[in-house]
Amino acid sequence: QKEVEQNSGPLSVPEGAIASLNCTYSDRGSQSFFWYRQYSGKSPELIMFIYSNGDKEDGRFTAQLNKASQYVSLLIRDSQPSDSATYLCAVLLSGGSYIPTFGRGTSLIVHP
Amino acid sequence: EAGVAQSPRYKIIEKRQSVAFWCNPISGHATLYWYQQILGQGPKLLIQFQNNGVVDDSQLPKDRFSAERLKGVDSTLKIQPAKLEDSAVYLCASSLAPGQALGGYTFGSGTRLTVV
């Protein structure tokens, strides 16, 4: 069973719309969750992290965590073509390791 | 603050040849990680160093991959002999300490390896 699952996409949204990216994880004891953005040919960059149930907002980005249902999502409001990238979900699994386990990523395309 | 430096940027080799990648972490970062990212997949950890000691190398294919961080600063990852399935981007990341990874890593620009 894969530990961190994401739909590979692509997810296509029009400019100005809300993009919703989802991630599920299998380890119920996981505590920390990250969203990375990776442009084609570039390395991942951290855009959000969340520890507590509920929402965390940073500019146009909102991370939502639901530990009971074991999913974490990323909402991008007012999507721009420059948001077109692959979004990687990463989870710190329980057991004391500080090494995030990454999902395969969801490709987002924002078209004008 | 200078970022994580990696070289070379690209490398093309034939199968069964050897190759080495270099990484210089952010100054003062004690923890260094090597990841392998195959096209269409998320990064997979190969090895984690704390200073010059190995913390986790459980997913490193030790029959062909080796890594060292002799002086606790820069690191080298080697593949010998390379296989076609080793074609991937090799990412280096660093953090102040293992716990600091809770805030996310800083990744280098990566080395894209193509094995033909």
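Per residue and in cubic angstrom, what volume does the convex hull of the Cα atoms of segment B:40-109 have?
Normalising the Cα hull of segment B:40-109 by residue number yields 107 Å³.
Once you sort the root eigenvalues of the Cα gyration tensor of chain A as a ≥ b ≥ c, which label holds: rounded (a/c under 1.5), prolate (a/b larger than b/c) or oblate (the other case)?
Numbers: a/c = 1.97, a/b = 1.61, b/c = 1.22.
In terms of gyration-tensor shape, prolate.
If r is the Cβ-Cβ distance from B:ALA5 to A:GLN31 and R0 is 41 Å, what FRET efficiency results, to the nearest 0.05?
FRET efficiency, B:ALA5 to A:GLN31: 0.85.
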| task | May I ask you to derive the relative contact order of chain A, considering only C-alpha pairs under 8 Å and at least 6 residues apart, and to give it as an integer percent? | result | 37 percent
| said: Less than 30 Å apart at the alpha-carbon level, and either on another chain or at least 8 residues along: which lysines does that give for B:LYS11? | reply: A:LYS42, B:LYS44, B:LYS62, B:LYS71, B:LYS78, B:LYS83
| note | The relative contact order of segment B:27-116, taking Cα pairs under 8 Å that sit 6 or more residues apart, comes to a percentage of 30 percent
| note | Length gained, A:SER82-A:ARG60, 0.36 nm per residue minus C-alpha separation, equals 6.6 nm
| task | Report, in debye and to the nearest 20, how large the dipole of the protein assembly as shown comes out about its Cα centre when Lys and Arg carry +1 and Asp and Glu carry -1 on their Cβ. | result | 560 debye
| remark: To the nearest 0.05, the calculated FRET efficiency linking A:TYR51 and B:LEU84 through their beta-carbon distance, R0 being 41 Å, is 0.50
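When only DSSP loop residues count, what chymotrypsin sites (Phe, Trp or Tyr not before Pro) in segment A:27-112 have their Cβ near at most 13 other Cβ atoms within 10 Å? Kindly include the intermediate steps, with their values, before the conclusion.
Details: sites: A:PHE33, A:PHE34, A:TRP35, A:TYR36, A:TYR39, A:PHE49, A:TYR51, A:PHE61, A:TYR71, A:TYR87, A:TYR98, A:PHE102; in loops: A:TYR39, A:TYR51, A:TYR98.
Passing sites in segment A:27-112 are A:TYR39, A:TYR51.
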| B:ARG9: net charge of surrounding residues, Cβ under 15 Å, Lys/Arg +1, Asp/Glu -1, itself excluded? | +3
| Relative contact order of segment A:1-60: what whole-number percent is it, with Cα pairs under 8 angstrom and at least 6 residues apart? | 25 percent
| remark: Placing +1 on each Lys and Arg Cβ and -1 on each Asp and Glu Cβ in segment B:45-114, then taking the dipole about the Cα centre, the residue among B:ASN51, B:THR76, B:THR106 whose Cα reaches farthest towards the positive end is B:THR76
| said: As an exercise, identify the chymotrypsin sites (Phe, Trp or Tyr not before Pro) in segment B:14-57 lying in DSSP coil whose Cβ has no more than 11 other Cβ atoms within 10 Å. | reply: none
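Coordinate-derived values only; no laboratory data. Note that the coordinates shown come from a computational prediction; the quantities given were computed from them, not determined experimentally. FYI the Cβ positions are ideal-geometry reconstructions off the backbone, even for glycines, and counts take in every protein chain you see.
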